[in-house]
1. Got a sec? Which of Arg88, Arg97, Arg77 is of a type outside the set (Gly, Ala, Ser), at pLDDT below 95 and not in a loop (DSSP other than H, G, I, E, B)?
2. Considering only region 55-80, state which residues are under 18 Å from Ala36 (Cβ atoms), in contact (Cβ under 8 Å) with a residue 12 or more places away in the chain and more than 8 Å from the chain's Cα centre (by Cα).
Amino acid sequence: MQIAVSARHGHLHPETQARIREKVEKLRRYFDRLTAIQVTVDLEHRETPDVEVCISAEHTSDFVATASGELMAALDRVLHKVEQQLRRHKEKVTGHRATGLKRLGGSLEDQAP
């Protein structure tokens with residue numbers, strides 16, 4: 001999984017980039033087929049920067065979320081939004097399977113006429 005942290009209209013301190021990477025790496029526990037994560041921090045308004053997270057995953061379209069405010073608080077809000085998107089997508093993907101006989105509590109002999 002590739003993680004890219006970039007800034008518009010300014011520069012981020014390397015320690016801040018490391019903290020962002022550390023938080024973003026935790027998204028893998030919600031959906032394991034992530035291929036790339038792009039975090040963009042827009043520092044045009046220094047007091048309320050905009051944070052955007054774009055996630056690419058296998059066999060699906062990209063997941064995107066944005067928030068503004070204090071940098072780490074905005075990052076937490078964005079991560080929460082993306083977590084919800086990933087959870088919903090994973091439920092859709094894994095929820096399409098039919099319930100097996102083992103889960104229904106029967107066997108093939110019980111089902112036969």
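1. Checking each option against the conditions leaves just Arg88.
2. Once the filter is applied, which keeps residues that are under 18 Å from Ala36 (Cβ atoms), in contact (Cβ under 8 Å) with a residue 12 or more places away in the chain and more than 8 Å from the chain's Cα centre (by Cα), region 55-80 yields Ser56, Ala57, Glu58, His59, Thr60, Val64, Ala65, Thr66, Leu75, Val78.
The values are calculated or read from the model by the stated rules, or taken from the named source; none is laboratory data. None of these values were measured; they are calculated from a predicted model. All Cβ positions, even for glycine, are placed from backbone atoms using ideal geometry, and neighbour counts span all protein chains on display.
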